[in-house]
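Engineer: Sharing a structure here in structure tokens format.
The values are calculated or read from the model by the stated rules, or taken from the named source; none is laboratory data. None of the values given here were measured: they were computed from a predicted structure. Please note: Cβ atoms are built from the backbone with ideal geometry, for glycine as well, and neighbour counts cover all protein chains shown.
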């Protein structure tokens, strides 16, 4: 089978072993990135397309007579027309759970950075403020213990559970939110409006859907303590960015950290990139990207290919 990987640079930074995946195909073409105008020319004669974020729509599939399998080098499937794939008998498989430990530790890293005012203290030292201190230490910025604090988690799948385990190791109490418009089989889950006033930290690990778009907006932020922190390592659209910027400027919450924005990369800017927003940490959708996670993704792509070749597809999403 001939395979084409359309945006390989989204996965490999010249630090991964691709030999096993390459051996699964007669030919594997690796393109660092692919513009929309280039897709059809690159995949028209492929048996397998591998894509992270490059869109494979109905028009593309209709011109790919040999196409049998689409592999998504991610969990999200919104860049693939799943219904068109089903109609053409094209199997679509994604990757799952490859970045759990990386995202969980990044979430805790952001929580710790906010709790300890880490960024502010680092900047103060670099500006020479420690050199001129009258005491042996600087305590100019608030420091909060995680122990004894309450963490609210929205989205209690594999990632949410991994974060809960780490948080409990720090001595935190964990509360799980019931997702709006989704029946809960667990009576211990708490309605979001009831959970928000209780938490010292809130972390998001749910998918972005029509029901979760702007899940945290002006009304929800107003329910939180003014000492609370918000962390988003899920999807940018879960949090209304203008509402968050306003809440931070007005001191409605104590701080926030996000690994995601609504448009990535933010080539045309973003309201959260304004320099006057206090106590906001932004990382560039890098939470998932440990070398271990990315190598696990390659392994899952290989597993998906081998299972398909054996006539027993795994991680099939259509």
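Engineer: Just to be sure before I move on: is residue 307 over 30 Å from residue 50 (Cβ atoms) and either assigned to a helix (DSSP H, G or I) or at pLDDT below 95 (or both) in the structure I sent?
Structural biologist: Working: over 30 Å from residue 50 (Cβ atoms): no; either assigned to a helix (DSSP H, G or I) or at pLDDT below 95 (or both): yes.
So residue 307 does not fit the description; no.
Engineer: Which of (1) in contact with a strand residue (DSSP E or B) (Cβ under 6 Å, 6 or more places away or on another chain); (2) surrounded by fewer than 19 Cβ atoms within 10 Å (Cβ to Cβ) does residue 210 not meet, given it meets every other one?
Structural biologist: Going through the list (1) in contact with a strand residue (DSSP E or B) (Cβ under 6 Å, 6 or more places away or on another chain); (2) surrounded by fewer than 19 Cβ atoms within 10 Å (Cβ to Cβ), residue 210 breaks only (1).
Engineer: Does the range 190-207 hold any residues that are buried (at least 20 other Cβ atoms within 10 Å of the Cβ) and part of a helix (DSSP H, G or I), and which are they? Before you say what the answer is, go through the steps one by one.
Structural biologist: Our first condition is that a residue be buried (at least 20 other Cβ atoms within 10 Å of the Cβ); within the range 190-207, this holds for 195-196, 199-206.
Those that are buried (at least 20 other Cβ atoms within 10 Å of the Cβ) and part of a helix (DSSP H, G or I): 195, 196.
Engineer: Here's a follow-up. Looking at (1) outside any strand (DSSP E or B); (2) touching a residue at least 24 places away in the same chain (Cβ under 8 Å); (3) within 30 Å of residue 305 (Cα to Cα), can you tell me which one residue 146 breaks?
Structural biologist: (3)
Engineer: Identify, by number, the condition in (1) more than 24 Å from residue 54 (Cα to Cα); (2) at pLDDT below 95; (3) touching a helix residue (DSSP H, G or I) at 6+ places or on another chain (Cβ under 6 Å) that residue 107 doesn't meet.
Structural biologist: (2)
Engineer: Being in contact with a helix residue (DSSP H, G or I) (Cβ under 9 Å, 6 or more places away or on another chain) and either surrounded by fewer than 17 Cβ atoms within 10 Å (Cβ to Cβ) or part of a helix (DSSP H, G or I) (or both) is the filter here; which residues of the range 176-189 pass it?
Structural biologist: Within the range 176-189, 180 is the sole residue that qualifies.
Engineer: Among (1) farther than 30 Å from residue 202 by Cα; (2) without any contact (Cβ under 8 Å) to a residue 60 or more places away in the chain; (3) buried (at least 16 other Cβ atoms within 10 Å of the Cβ), there is one condition residue 116 misses while meeting the rest; what is its number?
Structural biologist: Failing condition for residue 116: (1).
Engineer: Now a separate question. Can you pull out every residue in the range 257-283 that is closer than 13 Å to residue 110 by Cβ and either within 19 Å of the chain's Cα centre (by Cα) or at pLDDT below 95 (or both)? Working first, answer last.
Structural biologist: Kept after step one, since they are closer than 13 Å to residue 110 by Cβ, are these residues of the range 257-283: 257-260, 279-283.
Passing the criteria: 257, 258, 259, 260, 280, 281, 282, 283.
Engineer: Looking at the range 167-175, is at least one residue more than 21 Å from residue 104 (Cα to Cα) and assigned to a loop (DSSP other than H, G, I, E, B)?
Structural biologist: From the range 167-175, those more than 21 Å from residue 104 (Cα to Cα) are none; that's our starting set.
Checked the range 167-175: no residue is more than 21 Å from residue 104 (Cα to Cα) and assigned to a loop (DSSP other than H, G, I, E, B).
Engineer: Any idea how many residues of the range 1-49 are assigned to a helix (DSSP H, G or I), surrounded by fewer than 17 Cβ atoms within 10 Å (Cβ to Cβ) and touching a residue at least 40 places away in the same chain (Cβ under 8 Å)?
Structural biologist: 1
Engineer: Follow-up. For the range 83-106, state whether one or more residues are surrounded by 21 or more Cβ atoms within 10 Å (Cβ to Cβ) and at positive phi.
Structural biologist: Checked the range 83-106: no residue is surrounded by 21 or more Cβ atoms within 10 Å (Cβ to Cβ) and at positive phi.
Engineer: Further question on the same structure: Does at least one position in the range 82-89 carry a residue that is part of a strand (DSSP E or B) and closer than 23 Å to residue 316 by Cβ?
Structural biologist: Initially, the range 82-89 is screened for residues part of a strand (DSSP E or B), giving none.
Looking through the range 82-89, none of the residues is part of a strand (DSSP E or B) and closer than 23 Å to residue 316 by Cβ.
Engineer: Yes or no: residue 111 within 26 Å of residue 186 (Cβ to Cβ), in a helix (DSSP H, G or I), in the same structural domain as residue 254 (by TED's automatic domain parsing) and touching a strand residue (DSSP E or B) at 6+ places or on another chain (Cβ under 7 Å)? Explain how you work it out, then say what you get.
Structural biologist: Details: within 26 Å of residue 186 (Cβ to Cβ): yes; in a helix (DSSP H, G or I): yes; in the same structural domain as residue 254 (by TED's automatic domain parsing): yes; touching a strand residue (DSSP E or B) at 6+ places or on another chain (Cβ under 7 Å): yes.
Yes.
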